[in-house]
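Take a look at the structure set out below.
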Amino acid sequence: MKLCIMFMMVICMFAKEKRATLEWKKVYTVAIKSFTNGKFVCAENNGNEPLIANRDSIGLWETFEIRFTDAQTFVLKSHANEKFVTEVNSENNLLIANKDQATVFETFTLVPRFGTFGFKSNDNKKLVTAEEAGKKPLAANRKVLDVWEMFNLVYVWPSVHKVAIKALVNGLFVCAENAGKQSLIANRGQIGPWETFVISFTDLQTFTLKSFANGKLVCAENSGQFPLIANRDQAGPWETFTIVPNKEGVALKSHANGKFVTAENAGNGNLIANRDKADIWERFVIVYL
């Protein structure tokens, strides 16, 4: 009886780990180039076939969203079909983009090597290889990192992602109030269309925000003298921001006036870019959706 109970507890712990939701710390759009043949990794046949390094240029099938849970652990989401890459637990351990959700079994670990990197499956603890110098699909089946197991990340700009933004001062999500007709304010407990944005990076720190509520870009109105509002069709300095990491999240600095965005009055007021330093009211968390 005790053995049965212990067995059930182990099964429950395993299931809980399998279903665990991963939290993304950083997200970028990338292509992956194999060192052995200089070809880009492709989610072949719109993601219906295993990944293979056989392309000379970057298109939709060769573009991935890399989502980091820490400095080295990541998942890959194919732009070909919006599925997460997984290592198929079979004889060959091939990689294919066919998962709707990412669990710990879809995570990989970066392994630096001579200016390139290898990546190790956290499922079977094996390194990914471009089998037969790239002539065959990618497989996670190697113990030693050699030339077939070496890759380069190529950042693709703009890097576009769907996000929500949470103010740390009150733990509430930023909302494009009244479908974007009113200024941004951090006052929502759940994420809906008004609390959803498209963040578009032009480099590792510079970005614009487009509201899902009305499809308009967020603007630091009147050179930052008025609150942020989603009401612009084109991006200029007033619609451009810099992300500044800090120990508790990120701060957002407006290009309109060089000031940090604040959740005014501890979140009871609108977002406005008028602070010289980033304190608790100026700290946010980017939640990648």
Fill in: Inter-probe distance in nm under a simple model that places probes 7 Å from Cα toward Cβ, at L60 and L153
2.5 nm
Fill in: Viscosity 0.692 mPa s, 37 °C: Kirkwood-radius Stokes-Einstein D of segment 27-155 over Cα pairs, µm²/s
236 µm²/s
Discussion item. Nearest 500 deg cm²/dmol is fine: what mean residue ellipticity at 222 nm does the chain get from its DSSP H runs of n ≥ 4 alone, each adding -39,500 (n - 2.57), divided by its residue count?
Written reply: -2000 deg cm²/dmol
Item to complete: Rounded to the nearest 10 degrees, what's the angle between the helix 2-19 long axis and the longest principal axis of the chain, both from Cα atoms, 0 to 90?
Response: 60 degrees
Discussion item. With unit charges on the beta carbons (Lys and Arg positive, Asp and Glu negative) and the dipole taken about the Cα centre of the chain, which residue among L271, L22, I243 sits farthest to the positive side?
Written reply: L22
Item to complete: Using a 10 Å cut-off on Cβ atoms, rank the peptides 199-210, 26-37 from the highest mean neighbour count down.
Response: 26-37, 199-210
Practice prompt. Could you sort 211-224, 237-250 so that the peptide with the highest average Cβ count within 10 Å comes first and the rest follow in order?
Written response: 211-224, 237-250
Discussion item. Treating only the Cβ of Lys, Arg, Asp and Glu as charged (+1, +1, -1, -1), what charge dipole size does the chain show about its Cα centre? Round to the nearest 20 debye.
Written reply: 460 debye
Fill in: Residue-normalised accessible area of the chain, given per residue in Å² at a 1.4 Å probe
50 Å²
Fill in: Computed P(r) (all Cα pairs; the chain; 10 Å bins; percent)
7, 26, 27, 21, 16, 4, 0, 0
Worksheet item: Counting pairs of alpha carbon atoms under 8 Å apart in space and at least six apart in sequence, what relative contact order in percent does segment 104-157 give?
Response: 29 percent
Worksheet item: What pairs from K26/K99; K181/K247; K77/K162; K33/K143; K25/K210 go past 25 Å between their alpha carbons?
Response: K181/K247
Practice prompt. Would you be so kind as to identify which of I32, V88, L228 lies farthest towards the positive end of the dipole of the chain, taking Lys and Arg as +1 and Asp and Glu as -1 on Cβ and the Cα centre as origin?
Written response: V88
Item to complete: Tally up the carbon and sulfur contribution to the accessible surface of segment 160-288 as a whole percent, 1.4 Å probe, everything protein left in place.
Response: 50 percent
Worksheet, complete the sentence: Sorted on mean Cβ neighbours within 10 Å (highest first), peptides 257-269, 72-84 come out as 72-84, 257-269
Worksheet item: Between segment 50-89 and segment 175-206, what's the alpha-carbon centroid distance in Å?
Response: 27 Å
Worksheet item: Roughly speaking, what is the stretch gain from R113 to A266, that is 0.36 nm per residue apart minus the C-alpha to C-alpha distance, in nm to one decimal?
Response: 50.5 nm
Worksheet item: Quick one: if you stick a label point 7 Å off each Cα along the C-beta vector at E91 and I243, how many nm between them?
Response: 4.4 nm
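The values are calculated or read from the model by the stated rules, or taken from the named source; none is laboratory data. Computed from a predicted structure; not experimentally measured. Neighbour counts run over all protein chains shown; Cβ positions are idealised from the backbone, glycine included. Note: areas computed on protein heavy atoms with side chains; ligands, DNA, RNA excluded. Shrake-Rupley method; radii C 1.70, N 1.55, O 1.52, S 1.80 Å.
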